[in-house]
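One structure below.
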Amino acid sequence: MSLSDLENGFFPEEVVLQILARLPIKSLFRCKSVCKLWYRLPSNKYFIQLYNEVSSKNPMVLVELIKSFYVKSSFICVDRLRGVSEFSLDFLNDRVKVRASCNGLLCCASVPNKGVYYVCNPLTREFKLLPRTRERPMTRFHPDDEATLVGLAFNVSNQKFNVVLAGFYRPFGHRPLDSFVCVVFDSETNTWRKSISSRSDEFTHMNRNQVVFANGSLHWLTYSCLYILVFDLDNEVWRKISLPGEVIARSGNRVHLLELDGSVSIIQISEAWMNIWALKNYEREEWCTVDKVSLRCIRGLVPSVFPISQTSEFVFLATQRQILVYHRNSRVWKEMYSVKNTFSYPLWFSAHAFRSTLFSCHQGLDYS
């Protein structure tokens, strides 16, 4: 089909938009030179929403390849439809670590400059440097340095995002006290708000890395794996959600927190099975079983397998050196990426759920 066919109306405009909405962002930007209409598409409100609806059905996995603490990381994006591609965060002009991912945006912490955070769209290369949480030197409590919990909540309906940093208060030279300090950044006001509450929750490295945004709240799985710690962004209050009874009863199995088509989900991995639940009734805390997957085909990888992202159709998982995808309908496993050379960190150590989006991290832009 030639360009003249499109210009002469061979395809209805809506069909053309549906086709363009399925392109990678890099390819879409290359198409801007075709005509004035296509040039304006990446900033058109309707097309941005259409693009996001399409891409939400095709989640990806972002992997930060950490060679050394002193060397800048490289990044790859694993897409079950398009394979593996490399991309860079060099546009930030800083050495950063990805701390959270939500709906196509990333929250990154500066490695050399403690307390400096960015929110960016790595595919459009737009970013926002967040104001510092305080002006004084950062020595008193975790949120100003390396927060125990970092959460990013990006609401695609109003294009507003929040960053949450939370940790335990630590008087200088002492062990942390039972005071949970939380600071919340609001993209609408471009300011931080602080609250202090009394908590005693503990988190492993991976539990605090896997944070899920759903129902207007951020969710973390605690170290004990007995409940989920929830931060309600609208009311700025903390609460707990109990895990499915079957999960609590089965000790010794690994439990992971993920998102599943807009709902909070729990995945439990044992030697032979991967059991998946979804929180279908949020207020009543009612869980339902989604799937039970045999791990016989990847038996040798089970000790290191770690679920990263999922939909009703497939599950992305990481191991020490591989990214796998499991297709639920066909019950087929496929290796999407494998580290061939020497690598010091396991891939699940720095893998994040991700998706392609045109949404900007700059609140209040005038889309037409």
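Those helices (runs of 4 or more DSSP H) of the stretch 5-88 in which at least 3 residues are closer than 30 Å to Leu317 by Cβ and at pLDDT below 75, considering only elements entirely within it, cover 25-30.
Yes or no: the stretch 186-196 includes at least one residue that is buried (at least 17 other Cβ atoms within 10 Å of the Cβ) and modelled with pLDDT of 90 or more. Yes, some residue in the stretch 186-196 is buried (at least 17 other Cβ atoms within 10 Å of the Cβ) and modelled with pLDDT of 90 or more.
Per the listing Leu258, Leu233, Leu243, Leu226, the residue uniquely touching a residue at least 12 places away in the same chain (Cβ under 8 Å), closer than 23 Å to Val183 by Cβ and surrounded by 13 or more Cβ atoms within 10 Å (Cβ to Cβ) is Leu233. What are the residues in the stretch 316-325 that are farther than 15 Å from Phe75 by Cα and without any contact (Cβ under 8 Å) to a residue 40 or more places away in the chain, if any? Of everything in the stretch 316-325, those that are farther than 15 Å from Phe75 by Cα and without any contact (Cβ under 8 Å) to a residue 40 or more places away in the chain turn out to be Leu317, Thr319, Gln320, Leu324.
Of all residues in the stretch 302-325, none are among the acidic types (Asp, Glu), modelled with pLDDT under 90, within 23 Å of Val255 (Cβ to Cβ) and in a loop (DSSP other than H, G, I, E, B). Within the option set Asn341, Asn275, Asn329, being at pLDDT 90 or above and in a loop (DSSP other than H, G, I, E, B) holds for one residue only, Asn329. Taking the stretch 89-98 as the range and being closer than 16 Å to Leu123 by Cα and either aromatic (Phe, Trp, Tyr) or part of a loop (DSSP other than H, G, I, E, B) (or both) as the test, the residues that pass are Leu89, Phe91, Asn93. Give me the pairs, please: first residue somewhere in the stretch 293-307 and of a type in the set (Ser, Thr, Tyr), second residue anywhere and in a helix (DSSP H, G or I), beta-carbon distance under 9 Å, and either six or more positions apart or on two chains. Pairs found: Ser304/Trp348. Taking the stretch 202-249 as the region of interest, the strands (runs of 3 or more DSSP E) fully inside it that hold 2 or more residues being within 16 Å of the chain's Cα centre (by Cα) and either of a type outside the set (Ser, Thr, Tyr) or at pLDDT 95 or above (or both) are 211-214, 217-221. Taking the condition out of contact with any Ser or Thr (no Cβ under 6 Å at 6 or more places or on another chain), aromatic (Phe, Trp, Tyr) and part of a helix (DSSP H, G or I), does Phe349 pass? Yes, satisfied.
Looking at the stretch 278-297 only, could you name the residues that are assigned to a strand (DSSP E or B) and not aliphatic (A, V, I, L, M)? Matches in the stretch 278-297: Lys280, Asn281, Glu286, Trp287, Cys288, Thr289, Asp291, Lys292, Ser294.
The values are calculated or read from the model by the stated rules, or taken from the named source; none is laboratory data. Not measured: the values here are computed from a predicted model. When we count neighbours, we look across all protein chains shown, and the Cβ atoms used for this are built from the backbone with ideal geometry, even at glycine.
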